[in-house]
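Enquirer: Here it is: the structure, laid out below.
The values are calculated or read from the model by the stated rules, or taken from the named source; none is laboratory data. Note that the structure is a prediction, hence the values are computed from the model and not measured. Here the Cβ positions follow ideal geometry from the backbone for every residue, glycine too, while neighbour counts run over all protein chains shown.
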Amino acid sequence: MKRFITILTVCFVLVSSLGVVNASADADAGREILASIKPRIPSTEEFKDFSSSVQTRHGRSEYQFYWENSSDDGADYKSMNVTASADGIITSYSYYDSASRSSQKSMPAFQKLSSDEAMKMAKEHADRLNPMLSDEIKLSKHNKYESLTSDSFSFKIQRVVDGIPVHGDTGYISVSDDALVLTGYNISYTPSLSFPDASAAITPDAAKGKYIENIGMELVYQVDYKEDKRTAYLAYIPAKISEYIDAFSGEAVSPVAPMFSMYSNDTADKESAMSVGGAGGSSNRFTEAELAELENLAGLILADDAQKQLRSNKLLALSSDMKLEAHSVSSDTDKNYYYNFSFSSDGENKISVNVRMNAQTGEILSVRRYGVAIDETKAADESVAIKIASALAPSHCKADGSGEYRLKSSEGNSFEFVRYIHDVPYYSDGIYLTINPADNTIVNYSISRLNVDFPKPNDLLSAYEASQKLFEQVDYSLCYYPTCSADNMAYCDGALLVYILDENKPPQIYADSGKLISYENEPEIGKYTDVALHYAEKQIQTLASYGIGFESSEFLPDSVITQKEFVALLTESVLRRDPIILHSSIDYSIHYRRAAANGIVLAGEEAPDSPVTRELAAVYMIRAAGYGEVAAYEDIYVSEFTDVTKNKGYISLLGAMGVISGYNGCFNPQKSLTRADAMIMIYNWLSR
């Protein structure tokens, strides 16, 4: 590292993807960038070491600056890193201080600030970093609720121009728990964009009509995985994943992506979820002795016979000089068995072929050929691809297109077949094939096939009805989408004004009910209608902001709390420092298992639906906090409450901590605990 004396002594290390660059020009530019960002970042005077670099990529330069301090023994370390674009925009910032990290809170506690207060201060930090983006940068929360464990705040960044978000121009900002220290900042920012005036845009309702007309919904199969059980169901998803409704013409348009994306803008499309492997599941290898026994017991094809079948298959082109290098057998969780063979030829131009086969049926599941040069200037014929696929998987793929697996797309020498059941696609099952056009031999082949019952498509919504249901549950609004004005451009230079579905919600619905398919169907804290002016209103509402409470809009503060409810609250908020929302379908057995494992509820004490007394509530809380053994020494405690004769240690400890209190010197240990008093106990515990 070089000692930082003045800006003029900065030495830039040059990294370029375009070859030789003008080092002097980059160094001069780097000094100017550093001079422009120093007033916007915290003081660098405390740092001893400084270094920098510049990376030039496809005509654009990015400058990195690094400051750090380290004690001789390495115990104390501090660093600050900044990345800035050539136009002075800080795209990345990080600050680390080992001293502050070592003082992280180890006990549950409420944040010093609310997330709303911290977000306001974080915005001020962001504006100091990039004052030129002050009007364009908007912050939002990652989570609905506050955190009991975090020693910092983090917020999402969205670039907004004239009130319209810019797709992909997003990031995050993080600050310390008092929001005084900026600890992290990162934004994907697309420079040099021209934005069309949105005043002439069609209305959202008109755009929805154009969506139905020009994009629409497609009926597909999807599979749900719960508790190791796979269930297929029918769903509607957008028929054209990468197309959007132009906000002026109402036509479906696709933004033109640059050749060298700085980040990925696109939502994962249907193909991204497809399995490439042939068998799937976990794999277990077997020894030779085990294999011999399996061949007898599981009805497997003999390994020698399987090898002969492969050599006789002309599509695999296993020449006589190709030797069997290795073979093995494996199984998956569904007790299917698979052979794995590796063949290779000797000589200067060595070719290797790996084949995976179903050891019970002989079906070839995957082929991989190495050492073959493919002429990319030629394209394989689709008819050849269909012929090969139907020959390797005759039960699933037919040359006339009548089989389950049908050719969906092709690109150059690669072909993709999608599985259809009842004429409905299941995009996660497919055949993937790459052919060498020189001799029409297989370079890559794989088939995926899920063994599950697919329901017949009866009594379903129409595609039109599905679109209507989608719009009822997912927002549809304007968005600027970066695009290139021509193909093969290095960077985007403009933006399309399009209507886009809210990307925070999945654009998919159940084909029968029309309900949105979401894998985060967690309950939400209710907006309580019966706690205003109650003596526990502050505690109840504060805990609600941390995700602790009841789903119902009625809190019923003066109703007694049951053991199962109190145990669930303790195992999550006190023991695990997690949010917990009590709702009608909650599985309390999970919380009882945790309570038993941590000694909160002992054997024989389970009474899920019984009210909890104030005395037992104190016992359970002290056990959850890990002080049960100390509290059990009854003789060493003198209770401050005149009516406490049993479990004095538990009640005395909580009283000393300020978690519980009495009235006129009494604790009323046998009185049932109310919901309100339960929340007061938890609030006091977390805020002590």
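Enquirer: For Ser71, indicate whether it is surrounded by 15 or more Cβ atoms within 10 Å (Cβ to Cβ), without any contact (Cβ under 8 Å) to a residue 40 or more places away in the chain, farther than 25 Å from Gln158 by Cβ and outside the structural domain of Leu575 (by TED's automatic domain parsing).
Expert: no
Enquirer: For the list (1) in contact with a strand residue (DSSP E or B) (Cβ under 9 Å, 6 or more places away or on another chain); (2) surrounded by fewer than 19 Cβ atoms within 10 Å (Cβ to Cβ); (3) under 30 Å from Ile212 (Cα atoms), I need the number of the one condition that Ile509 fails.
Expert: The single condition Ile509 does not satisfy is (2).
Enquirer: Further question on the same structure: Is one or more of the residues making up region 428-436 over 18 Å from Pro238 (Cβ atoms) and among the polar types (S, T, N, Q)?
Expert: Scanning region 428-436 turns up at least one residue that is over 18 Å from Pro238 (Cβ atoms) and among the polar types (S, T, N, Q).
Enquirer: Can you work out which of the residues in region 498-538 that are of a type in the set (S, T, N, Q), more than 23 Å from Asp459 (Cβ to Cβ) and not assigned by TED's automatic domain parsing to the domain that holds Val256 is modelled with the highest pLDDT?
Expert: Looking at the filtered set, the residue picked out is Thr529.
Enquirer: Looking at Ile581, Ile636, Ile590, Ile600 in this structure, which one is within 41 Å of the chain's Cα centre (by Cα), loosely packed, with under 15 Cβ neighbours inside 10 Å, among the β-branched types (Val, Ile, Thr) and assigned by TED's automatic domain parsing to the domain that holds Gln541?
Expert: Going through Ile581, Ile636, Ile590, Ile600 in turn, just one is within 41 Å of the chain's Cα centre (by Cα), loosely packed, with under 15 Cβ neighbours inside 10 Å, among the β-branched types (Val, Ile, Thr) and assigned by TED's automatic domain parsing to the domain that holds Gln541: Ile590.
Enquirer: Let me ask something else about it. Considering region 34-50 alone, what residues qualify as being under 14 Å from Ser70 (Cα atoms) and in a loop (DSSP other than H, G, I, E, B)?
Expert: Residues satisfying the conditions are Glu46, Phe47, Lys48.
Enquirer: Let me ask something else. Lys144 versus (1) surrounded by fewer than 20 Cβ atoms within 10 Å (Cβ to Cβ); (2) over 26 Å from Gly547 (Cα atoms); (3) touching a residue at least 60 places away in the same chain (Cβ under 8 Å): which is the lone unmet condition?
Expert: If we test Lys144 against (1) surrounded by fewer than 20 Cβ atoms within 10 Å (Cβ to Cβ); (2) over 26 Å from Gly547 (Cα atoms); (3) touching a residue at least 60 places away in the same chain (Cβ under 8 Å), just (2) comes out false.
Enquirer: Continuing with this model, one more query. Has region 371-386 got any residue that is closer than 17 Å to Arg449 by Cβ and either among the aliphatic types (A, V, I, L, M) or surrounded by 16 or more Cβ atoms within 10 Å (Cβ to Cβ) (or both)?
Expert: no
Enquirer: Give the residues of region 468-505 that are under 26 Å from the mean Cα position of the chain (by Cα) and of a type in the set (Gly, Ala, Ser), sorted by residue number.
Expert: Ser477
Enquirer: Of everything in region 404-429 that's touching a Ser or Thr at 6+ places or on another chain (Cβ under 7 Å) and within 14 Å of Val452 (Cβ to Cβ), which residue is surrounded by the fewest Cβ atoms within 10 Å (Cβ to Cβ)? Talk me through it step by step, then tell me what you get.
Expert: The first filter runs over region 404-429 and keeps only residues touching a Ser or Thr at 6+ places or on another chain (Cβ under 7 Å), leaving 413-414, 416, 428-429.
Filter once more, so that each one left must be within 14 Å of Val452 (Cβ to Cβ): 428-429.
On the way: Ser428: 20, Asp429: 23.
Among those that are touching a Ser or Thr at 6+ places or on another chain (Cβ under 7 Å) and within 14 Å of Val452 (Cβ to Cβ), it is Ser428.
Enquirer: Sticking with this one: Criterion first (surrounded by fewer than 17 Cβ atoms within 10 Å (Cβ to Cβ), touching a Ser or Thr at 6+ places or on another chain (Cβ under 8 Å) and on the phi < 0 side of the Ramachandran plot) does Leu365 satisfy it?
Expert: Criteria not met by Leu365.
Enquirer: What number goes with the only condition from (1) under 29 Å from Lys469 (Cα atoms); (2) of a type outside the set (A, V, I, L, M); (3) in contact with a Lys or Arg (Cβ under 6 Å, 6 or more places away or on another chain) that Thr203 does not pass?
Expert: Among (1) under 29 Å from Lys469 (Cα atoms); (2) of a type outside the set (A, V, I, L, M); (3) in contact with a Lys or Arg (Cβ under 6 Å, 6 or more places away or on another chain), the lone unmet condition for Thr203 is (3).
Enquirer: How many of the residues making up region 464-486 are in a helix (DSSP H, G or I), out of contact with any Pro (no Cβ under 7 Å at 6 or more places or on another chain) and surrounded by 14 or more Cβ atoms within 10 Å (Cβ to Cβ)?
Expert: Of the residues in region 464-486, 7 are in a helix (DSSP H, G or I), out of contact with any Pro (no Cβ under 7 Å at 6 or more places or on another chain) and surrounded by 14 or more Cβ atoms within 10 Å (Cβ to Cβ).
Enquirer: Out of (1) within 22 Å of Ala656 (Cα to Cα); (2) without any contact (Cβ under 8 Å) to a residue 60 or more places away in the chain, what's the single condition that is false for Thr613?
Expert: In the conditions (1) within 22 Å of Ala656 (Cα to Cα); (2) without any contact (Cβ under 8 Å) to a residue 60 or more places away in the chain, Thr613 misses (2) alone.
Enquirer: Here is a list: Ala303, Ala379. Which entry is within 26 Å of Ser414 (Cβ to Cβ) and either out of contact with any strand residue (DSSP E or B) (no Cβ under 8 Å at 6 or more places or on another chain) or aliphatic (A, V, I, L, M) (or both)?
Expert: Only one candidate qualifies: Ala379.
Enquirer: Return yes or no: is Val659 surrounded by 16 or more Cβ atoms within 10 Å (Cβ to Cβ), assigned to a loop (DSSP other than H, G, I, E, B) and within 41 Å of the chain's Cα centre (by Cα)?
Expert: Against the criterion (surrounded by 16 or more Cβ atoms within 10 Å (Cβ to Cβ), assigned to a loop (DSSP other than H, G, I, E, B) and within 41 Å of the chain's Cα centre (by Cα)), Val659 qualifies.
Enquirer: Let me ask another. Looking at region 337-361 only, could you name the residues that are of a type in the set (Lys, Arg) and without any contact (Cβ under 8 Å) to a residue 40 or more places away in the chain? Working first, answer last.
Expert: Within region 337-361, the subset of a type in the set (Lys, Arg) is 350, 356.
Within region 337-361, just Lys350 meets the criteria.
Enquirer: Just to be sure, is Ile212 in a strand (DSSP E or B) and among the hydrophobic types (A, V, I, L, M, F, W, C)?
Expert: Against the criterion (in a strand (DSSP E or B) and among the hydrophobic types (A, V, I, L, M, F, W, C)), Ile212 does not qualify.
Enquirer: Next question, about the same structure. For region 603-626, what are the residues that are in contact with a helix residue (DSSP H, G or I) (Cβ under 6 Å, 6 or more places away or on another chain) and either over 19 Å from Ala678 (Cα atoms) or outside the structural domain of Ile586 (by TED's automatic domain parsing) (or both)?
Expert: Within region 603-626, no residue meets the criteria.
Here's the yes/no breakdown for (1) surrounded by 15 or more Cβ atoms within 10 Å (Cβ to Cβ); (2) under 27 Å from Ser352 (Cα atoms); (3) not hydroxyl-bearing (Ser, Thr, Tyr):
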{"residue": "Ser402", "(1), (2), (3)": "no, no, no"}
{"residue": "Ser446", "(1), (2), (3)": "yes, yes, no"}
{"residue": "Leu450", "(1), (2), (3)": "yes, no, yes"}
{"residue": "Ser462", "(1), (2), (3)": "no, no, no"}
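Enquirer: Can you report the number of residues in region 603-617 which are surrounded by 13 or more Cβ atoms within 10 Å (Cβ to Cβ) and more than 19 Å from Ile548 (Cβ to Cβ)?
Expert: First, the residues of region 603-617 that are surrounded by 13 or more Cβ atoms within 10 Å (Cβ to Cβ): 605-608, 610-617.
Add one more test, that the residue is more than 19 Å from Ile548 (Cβ to Cβ), and what stays is 605-608, 610-611, 613-616.
So the count comes out to 10.
Enquirer: Consider region 549-578. How many of its residues are in a loop (DSSP other than H, G, I, E, B), of a type in the set (S, T, N, Q) and within 14 Å of Ala676 (Cα to Cα)?
Expert: Counting residues in region 549-578 that are in a loop (DSSP other than H, G, I, E, B), of a type in the set (S, T, N, Q) and within 14 Å of Ala676 (Cα to Cα) gives 1.
Enquirer: The conditions are (1) touching a residue at least 40 places away in the same chain (Cβ under 8 Å); (2) out of contact with any helix residue (DSSP H, G or I) (no Cβ under 8 Å at 6 or more places or on another chain); (3) more than 19 Å from Val372 (Cβ to Cβ), and Ser428 fails exactly one of them. Which is it?
Expert: It fails just one condition, (2).
Enquirer: OK, next. Considering only region 156-170, how many residues are in contact (Cβ under 8 Å) with a residue 40 or more places away in the chain and either buried (at least 16 other Cβ atoms within 10 Å of the Cβ) or of a type outside the set (Val, Ile, Thr) (or both)?
Expert: 6
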